[in-house]
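This report concerns only the one structure given below.
What follows draws every value from the coordinates through simple rules; no lab data is involved. Since the structure is predicted, the reported quantities are computational estimates derived from the model, not experimental observations. Using ideal geometry, Cβ is built from the backbone for each residue, glycine included, and neighbour counts are taken over all protein chains shown.
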Amino acid sequence: MLSVSNLRATVGETEILKGLTLDVPAGEVHAIMGPNGAGKSTLSYVLTGRQGYEVTSGTVTLEGEDLLALEANERAARGVFLSFQYPLEIPGVPALTFIRTAMNAQRKARGEAEITAPQFLKLAKAKAAELKIDFEMLKRALNVGFSGGEKKRMEIFQMAMLSPRFLILDETDSGLDIDALRIVADGVNALRAPDRAMLVITHYQRLLDYIKPDRVHVLSGGRIVASGGPELALELEREGYDKYARAA
């Protein structure tokens, strides 16, 4: 589904990604692990088209389409979704209004009919119940005054509502207690599907206890320096990243 080949990218004058190659087939969940500053978040921003990140060489395709040729909103309409490490607060914009606007914008870009208000509310109530989200919370300004766990659940709620095809989770476990982590992981696992793929970015094994990856990749020095099965995450938990940093 996603194919990244020899990707190089800079932020300002600094090269962060230095020839990164990665393939994530449809139906699979891949985890990216690595030390701070390795380029994990940069990879997520480059894939989603965030401004300020310049690709200097390499290719990225999603189901054969050149992802780098698309604007950020076009990538979202194709089904690329990023769950932020630190979700943004948007004062004055109710969460339900924000999500319905996003859904209809994506539908319009794909040539689909807008979702009606009754359809939207029925779907929103069902997804909120699955994620143990108080429906009243969805009427508040997006993420304003939310706890860390509430913000992460809101991200997963948006994901469930938008039903993207390629999901990028950037340190979704950051700031979550064990109960919130289980709820978020259950929401992510519910979205596993043969025609959908996920890239999970994390520092720690604990998230992967709940979201079982098909493959684990070590990102260090701007490149993928090792890949393996779920056992690789356990090795990193025991031994750290030192030998991979030296390899990079």
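Here are some notes:
- Burial order of peptide ranges 145-154, 58-67, 27-36 (average beta-carbon count within 10 Å, highest first): 27-36, 145-154, 58-67
- Given charges at Cβ of Lys, Arg, Asp, Glu: the chain dipole, positive-most of Leu96, Leu20, Tyr45: Leu96
- Taking amide hydrogens as placed 1.01 Å from N in the peptide plane, the amide H of Gly19 sits under 5 Å from those of Leu7, Arg8, Ala9, each at least 5 positions away in sequence or on another chain.
- Dipole in debye (nearest 20) - the chain, about Cα centre, beta carbon charges: Lys, Arg +1; Asp, Glu -1: 480
- Descending semi-axes in whole angstrom, ellipsoid equivalent of the stretch 58-117, from the Cα gyration tensor: 24, 17, 8
- Degrees separating the helix 148-162 axis from the principal Cα axis of the chain, which is the longest one: 80
- Counting every alpha-carbon pair across the chain, the share separated by more than 24 Å comes to 46%.
- Exceedance of the 26 Å cut-off in Cα-Cα distance is limited, within the set Lys151/Lys212; Lys125/Lys152; Lys152/Lys243; Lys18/Lys151; Lys18/Lys243, to Lys152/Lys243; Lys18/Lys151.
- The packing ranking of peptides 159-167, 184-192, 7-15, highest mean first, is 159-167, 184-192, 7-15, where packing means the average number of other beta carbon atoms within 10 angstrom of each residue.
- Between the stretch 217-240 and the stretch 120-186, the alpha-carbon center distance in angstrom: 28
- Gyration tensor analysis over the Cα atoms of the stretch 21-105 returns equivalent ellipsoid semi-axes of 24, 17, 14 Å (largest first, whole Å).
- Computed helical MRE - 222 nm, the chain, DSSP H runs ≥ 4 contributing -39500 (n - 2.57), nearest 500: -10500 deg cm²/dmol
- Furthest towards positive pole of dipole, Phe157, Pro213, Val80, structure part the chain, Cβ charges: Phe157
- Helix 117-130 and the long axis of the chain differ in direction by around 60°, with both axes built from C-alpha atoms.
- Diffusion constant of the stretch 134-197 at 20 °C, which comes from Stokes-Einstein with the Kirkwood Cα-pair radius and 1.002 mPa s, µm²/s: 172
- Using equal-weight Cα scatterers in the Debye expression, the normalised intensity of the stretch 98-244 in log10 at q = 0.16, 0.18 Å⁻¹ is -0.94, -1.10.
- The stretch 53-171 - charge dipole about Cα centre, Lys and Arg +1 at Cβ, Asp and Glu -1, debye rounded to 20: 600
- When DSSP beta bridges are restricted to pairs lying wholly in the chain, around 60% turn out antiparallel.
- Estimated vicinal HN-Hα couplings, Hz - the stretch 79-87 in sequence order (Karplus 6.51, -1.76, 1.60; Gly, Pro = x): x, 8, 10, 10, 8, 6, 5, 10, x
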